[in-house]
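Note sheet for the following structure.
The values are calculated or read from the model by the stated rules, or taken from the named source; none is laboratory data. Fair warning: this is a prediction, and the values are worked out from it, not measured in the lab. Cβ coordinates were reconstructed from backbone atoms using ideal geometry, including for glycine residues, and neighbour counts include every protein chain displayed. Ligands, DNA and RNA are stripped out before the accessible areas are found, and what is left, the full protein with its side chains, is counted by its heavy atoms. Shrake-Rupley method; radii C 1.70, N 1.55, O 1.52, S 1.80 Å.
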Amino acid sequence: MAVLASVADVEIDSDGVFKYILVRVSKKGGLEHKDVVRGNKTAEFHNNIFEKLSPEMEKLELECKCLGGGKIDHNSKQKKIRVFGISMGFGKADHSISVEKLKSVYKDYEITWSDDTK
């Protein structure tokens with residue numbers, strides 16, 4: 001469990017609108033798991049984020065499964081994050097789970113989600 005606990009719950013860019021994915025990380029062959037949020041502006045497609053995360057987790061002997069994706073609008077000046085949209089390749093993430101993960105890191109932010117596409 002220590003290895004799993006060492007994986008950050010959230011890693012997103014500090015500002016802008018960008019793609020994100022919700023990923024379930026687990027020990028290979030084990031039942032223990034945790035869900036993590038990853039997102040950045042450099043990803044042209046949601047799969048680009050997953051392709052970067054997966055080898056990092058394999059080095060820790062963990063495996064990951066993408067649960068879906070969408071977009072994040074992060075405004076650090078106003079301390080607001082909006083989660084919305086869908087991933088064409090992975091489907092829509094459960095934004096409510098993503099928001100709970102974000103709230104655990106960005107405690108003084110206003111964080112909302114919707115099924116809007118824009």
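Projecting the Cα positions of V7, Y20, L60 onto the charge dipole of segment 1-83 (unit charges on Cβ atoms of Lys, Arg, Asp and Glu, taken about the Cα centre) puts Y20 furthest along the positive direction. Loop-located GluC sites (Glu not before Pro) across segment 15-118 with a Cβ neighbour count of 12 or fewer within 10 Å are E32, E44, E61, with loop assigned by DSSP.
Along its principal axes, the chain has C-alpha extents of 40, 30, 22 angstrom, given from the largest down.
For the chain, the longest principal axis of the Cα atoms and the long axis of helix 46-59 meet at an angle of about 30 degrees.
Fully extending the segment from K103 to E11, taken as 0.36 nm per residue of separation minus the present Cα-Cα distance, adds 31.9 nm.
Taking every alpha-carbon pair under 8 Å whose residues sit at least 6 apart, the chain reaches a relative contact order of 26 percent.
Order the following by accessible area, largest value first: K65, K101. Probe radius 1.4 Å; ligands, DNA and RNA are ignored. Display every interim value, and only then the final one.
Working: K65 135, K101 45 Å².
Ranked list, largest accessible area first: K65, K101.
Counting only protein heavy atoms and using a 1.4 Å probe, what share of the accessible area of the chain belongs to carbon plus sulfur, as a whole percent? Answer for the chain: carbon and sulfur cover 51 percent of the accessible area.
In the full protein context, segment 33-118 carries 59 Å² of accessible surface per residue, based on a 1.4 Å probe and ignoring ligands, DNA and RNA. In sequence order, segment 98-108 has phi-based couplings of 4, 5, 4, 5, 4, 5, 5, 9, 9, 5, 9 Hz under the Karplus curve 6.51 cos²θ - 1.76 cosθ + 1.60, θ = phi - 60°, and Gly or Pro positions carry x.
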